[in-house]
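J.: Sharing a structure with you now.
The values are calculated or read from the model by the stated rules, or taken from the named source; none is laboratory data. A quick note: this is a predicted structure, and the numbers were derived from the prediction, not measured. Cβ atoms come from the backbone with ideal geometry, glycine included; neighbour counts cover every protein chain shown.
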Amino acid sequence: MIRRLTSLRLARRDEPLPGGQVRAFTIGLLVALLLGVILLLATGENPISTYGRMLDSAFGSPRAWSNTLTRAVPLGLAGLAVAVAGSMGLWNIGAEGQIIAGAIGAAWVARLAPDLAGPLLIPAMLIGAVVGGGLLALGPALARARLGVSEIITTLMLNEVAIRIVRYLVNGPWKDPEGNNFPIAPEIPDQARLPGLFERANIGLLIAGVVIVVFGWFVSRSAWGYELRIAGSSERTAEYIGISLRTKILTVLVMSGMFAGLAGGIELTGSASRLVEGVAGGWGFAGIIVAALALMRPSGVAAVAVAFGAVQIGGLGIQTQGVPASISDILQALILFGALGAAVFGNYRLVRTDPAVIGGRATPPAAAPEGAA
Amino acid sequence: MNEATLLGLVIAIIEFGTLLYLAALGELIAEKSGVLNLGVEGMMAFGGMAAFWAGVETGNPWLALLVAVIAGAALSTIHAVVSVVLGADQVVSGLALTILGLAMAAFLGKDLVSKPPDAQFRPLDLGPLSDIPWIGETVFSMSAMSWIAGALGLITAFVFTRTSIGLALRAVGESAPTADAAGLPVIKIRFIAVTIGGALAGMSGAYLTLLLAPGWTEGTTAGRGWIAVALVIFGAWRPGRVLIGSLLFGGLIALEPRLQTFGVDFSPILISMLPYLLTIGVLILLSIRSRHRPSPAPAAIGQIWRREER
């Protein structure tokens, strides 16, 4: 099997297949749904009724739409966080932890000023969230900008640190004395809840939408965004035309953390109502997939976030039928793998080379296939 | 603190060390070939679920171990195909593998929750050796899995430094184009390295569900896969140092529930952050040091390589 696989070579197509990333995403979705059918059949579930129920839970009514869009908010903001860093070629794997840090920041503000009026308290909490997310990203940002330490591992490690900080808080100093010994913080004050929009949706949806649109415009139109993309494509060019890479790396990574932090703040003031250990819900990790599927473009992030919101809400909807909600995580990962594959095959095609040429180590390098340029 | 609690601590350090070392060794082999696989947590969970299922079905821990190895390796081939053969980004592919592995384990393992374990690994009784005070009760009473983990570490170190296969693996991890020019099958070597990494992560998962915490529940891996990723860096990509790191981080995990018994008034939750913070510290030290000395990291790690693009 390995020999067969390695005897295949990718050759660049003369012209990429049309459709680009939308086609790749569609293929990924189809692949995921198809594999999902196999998985459901294998475990004795009815795939048609399962998918039907998922679709209905996600889009079947105004209430369903409100759930889907509300879930798209943290996914979109986390996706934006990853995309911002990604447009400069940096990886923020720490969105999950930064969402937690944001929620902690917002909860802290509410603890400090529980009697503040809503119109003051909510913005203050969201600022606290932004600061919290930014602070968690500051360490990796400084380490990368000053010392060249890979931000991939540092941001990844801080996820686990952030999870333990919130676990410590809700089990210790911030534990609700009236919470029946559950590891939960007290509810945030009533006036700290985000106003509703329609059904289950709150104005967090508008806030996230505005942030994504404004920032998307900023990246694609402003001089700052242009510099960002130059720095991402060629460090030497960037330095040559006088862009300070250190400042850019620092700004971009901290900003990335701030977007994820905002997601945590909106979650706390919008849907969660109290700090719990699972406040980030895996959305920081899903945000990485969202950003990758959107090719690090803010406009695409919004669209993919809504699609993933639907998959997740659909997953919750089938739980009542006894089908585990983990099917939605499976589908999300498979969409990504399918789309990654489809994207590659959009630009390359498989050609089989003589196994003898690659198989044996004794083959002189001169016999290597001259497939393409 | 009495002797029994201290003995218990040493045994727990060995047990958690074994768990971490198996997974970290697998990640080390993949990274040495130039492939970062952030899917360890997922492969560990999937392997652990598969092992527990096979244990319930057959009652034989060795058969269960085999199933876990196959499950971990099979899952890792997705990462190998997507990131090595097709050349997609290793970071995204690996993270998606973790999400997939955790979800598949939860989905397929839903009926296994709260089932009693039928197959378990037991401490190995080495006769008179196990009767020696202290060392007999700890080292010579380890389960066979700990011996296997140690042996695999020795084999890995030997292969890395003393064999042509190891040289080829490291060459591929340092520079794919150079290795390719020297006639090495880059993609084949990386594919196999990733698969071995998956097999070891699966083995680690089996150790978890058959010995360390017999049973299956969602979230039983509890972030240990990420510690394995951290350990490779902490151990500067060397099997021996990764072993020391595994025992150290394993020791921290073992300390968590025992702090109070030892009369230390400090939150065990905060102790559990230390492996991650220490790894960040080591990364920073390595990068400061690498201004004068070459970095121990495989140079080609994370780099996409397609043969045609030379």
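J.: Kindly indicate which of A:I188, A:I165, A:I207 is farther than 14 Å from A:S66 by Cβ, assigned to a helix (DSSP H, G or I), more than 14 Å from every other protein chain (Cβ to nearest Cβ) and of a type in the set (A, V, I, L, M).
T.: So the residue among A:I188, A:I165, A:I207 that is farther than 14 Å from A:S66 by Cβ, assigned to a helix (DSSP H, G or I), more than 14 Å from every other protein chain (Cβ to nearest Cβ) and of a type in the set (A, V, I, L, M) is A:I207.
J.: Residues in the range A:61-82: is at least one within 11 Å of chain B (Cβ to nearest Cβ) and closer than 30 Å to A:A231 by Cα?
T.: Yes, the range A:61-82 has at least one match.
Yes or no, residue by residue, for (1) out of contact with any strand residue (DSSP E or B) (no Cβ under 7 Å at 6 or more places or on another chain); (2) closer than 29 Å to A:F215 by Cα; (3) among the polar types (S, T, N, Q):
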{"site": "A:A286", "(1), (2), (3)": "yes, yes, no"}
{"site": "A:V304", "(1), (2), (3)": "yes, yes, no"}
{"site": "A:I313", "(1), (2), (3)": "yes, yes, no"}
{"site": "A:L316", "(1), (2), (3)": "yes, no, no"}
{"site": "A:V323", "(1), (2), (3)": "yes, no, no"}
{"site": "A:Q332", "(1), (2), (3)": "yes, yes, yes"}
{"site": "A:L336", "(1), (2), (3)": "yes, yes, no"}
{"site": "A:L340", "(1), (2), (3)": "yes, yes, no"}
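J.: Just to be sure before I move on: is B:L66 modelled with pLDDT of 95 or more, farther than 17 Å from B:A228 by Cβ and of a type outside the set (V, I, T) in the structure I sent?
T.: yes
J.: Within the range A:240-254, is there a residue that is touching a Gly at 6+ places or on another chain (Cβ under 8 Å), part of a loop (DSSP other than H, G, I, E, B) and away from chain B (no Cβ under 14 Å)?
T.: No; the residues of the range A:240-254 include none that is touching a Gly at 6+ places or on another chain (Cβ under 8 Å), part of a loop (DSSP other than H, G, I, E, B) and away from chain B (no Cβ under 14 Å).
J.: Looking at the range A:15-32, is at least one residue buried (at least 19 other Cβ atoms within 10 Å of the Cβ), of a type in the set (K, R) and more than 30 Å from A:W224 (Cβ to Cβ)?
T.: The answer is no; no qualifying residue exists.
J.: Only one residue in B:A119, B:A96 is buried (at least 17 other Cβ atoms within 10 Å of the Cβ) and either farther than 30 Å from A:S328 by Cα or among the β-branched types (V, I, T) (or both), so which one is that?
T.: That would be B:A119, the only listed residue that is buried (at least 17 other Cβ atoms within 10 Å of the Cβ) and either farther than 30 Å from A:S328 by Cα or among the β-branched types (V, I, T) (or both).
J.: Could I ask something else about it? Kindly indicate whether A:L147 is among the hydrophobic types (A, V, I, L, M, F, W, C), within 30 Å of B:R291 (Cα to Cα) and within 8 Å of another protein chain (Cβ to nearest Cβ).
T.: yes
J.: I would also like to ask the following. What do you reckon, is B:P275 more than 9 Å from chain A (Cβ to nearest Cβ) and either of a type in the set (D, E, K, R) or surrounded by 14 or more Cβ atoms within 10 Å (Cβ to Cβ) (or both)?
T.: no
J.: OK, next. Could you give me the residue pairs with C-beta distances under 6 Å whose first residue belongs to the range A:215-243 and is of a type in the set (S, T, N, Q), whose second residue is surrounded by 13 or more Cβ atoms within 10 Å (Cβ to Cβ) and part of a helix (DSSP H, G or I) wherever it lies, and which are 6+ apart or on separate chains?
T.: As it stands, the answer is A:T237/A:I230, since those pairs meet every condition given.
J.: A further question follows. Across the range A:267-284, what is the total count of residues that are in a helix (DSSP H, G or I) and either at pLDDT below 95 or more than 30 Å from A:P189 (Cα to Cα) (or both)?
T.: 3
J.: I would also like to ask the following. Scan the range B:3-19 and tell me whether some residue there is within 14 Å of chain A (Cβ to nearest Cβ) and in a helix (DSSP H, G or I).
T.: No, there is no match, as no residue in the range B:3-19 is within 14 Å of chain A (Cβ to nearest Cβ) and in a helix (DSSP H, G or I).
J.: Taking the range B:1-32 as the region of interest, how many residues are closer than 21 Å to A:I153 by Cα and out of contact with any helix residue (DSSP H, G or I) (no Cβ under 9 Å at 6 or more places or on another chain)?
T.: 0
J.: Also, I was wondering about something else. What are the residues in the range A:259-278 that are surrounded by 24 or more Cβ atoms within 10 Å (Cβ to Cβ) and either of a type in the set (A, V, I, L, M, F, W, C) or closer than 14 Å to A:I93 by Cβ (or both), if any?
T.: A:F259, A:A260, A:L262, A:A263, A:I266, A:L268, A:L275
Yes or no, residue by residue, for (1) crowded, with 24+ Cβ neighbours inside 10 Å; (2) part of a helix (DSSP H, G or I); (3) on the phi > 0 side of the Ramachandran plot:
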{"residue": "B:L211", "(1), (2), (3)": "no, yes, no"}
{"residue": "B:G219", "(1), (2), (3)": "no, no, yes"}
{"residue": "B:V242", "(1), (2), (3)": "yes, yes, no"}
{"residue": "B:A254", "(1), (2), (3)": "no, yes, no"}
{"residue": "B:T261", "(1), (2), (3)": "no, no, no"}
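J.: Determine whether the range A:214-222 contains at least one residue that is assigned to a loop (DSSP other than H, G, I, E, B) and not hydrophobic (A, V, I, L, M, F, W, C).
T.: Yes, the range A:214-222 contains at least one residue that is assigned to a loop (DSSP other than H, G, I, E, B) and not hydrophobic (A, V, I, L, M, F, W, C).
J.: I would also like to ask the following. Taking B:R291 as meeting all but one of (1) at the interface with chain A (Cβ under 10 Å from one of its Cβ atoms); (2) assigned to a loop (DSSP other than H, G, I, E, B); (3) in contact (Cβ under 8 Å) with a residue 60 or more places away in the chain, write down the number of the exception.
T.: Failing condition for B:R291: (3).
J.: Still on this model: Test B:P177 against the stated conditions and say whether it is touching a Lys or Arg at 6+ places or on another chain (Cβ under 8 Å), loosely packed, with under 15 Cβ neighbours inside 10 Å, of a type outside the set (D, E) and over 21 Å from B:L20 (Cβ atoms).
T.: Answer is yes for this residue.
J.: Which of the residues belonging to the range A:168-185 are out of contact with any helix residue (DSSP H, G or I) (no Cβ under 9 Å at 6 or more places or on another chain) and at the interface with chain B (Cβ under 9 Å from one of its Cβ atoms)?
T.: Passing the criteria: none in range.
J.: I would also like to ask the following. Yes or no: the range B:42-57 includes at least one residue that is touching a helix residue (DSSP H, G or I) at 6+ places or on another chain (Cβ under 8 Å) and among the β-branched types (V, I, T).
T.: Scanning the range B:42-57, I find no residue that is touching a helix residue (DSSP H, G or I) at 6+ places or on another chain (Cβ under 8 Å) and among the β-branched types (V, I, T), so the answer is no.
J.: Something else: Give the number of residues within the range B:263-288 that are among the polar types (S, T, N, Q), touching a residue at least 12 places away in the same chain (Cβ under 8 Å) and part of a helix (DSSP H, G or I).
T.: Looking only at that region, the number is 1.
J.: For residues that are among the basic types (K, R) and within 14 Å of another protein chain (Cβ to nearest Cβ), scanning just the range B:157-215, find the one that is farthest from B:A106 (Cα to Cα).
T.: B:K188
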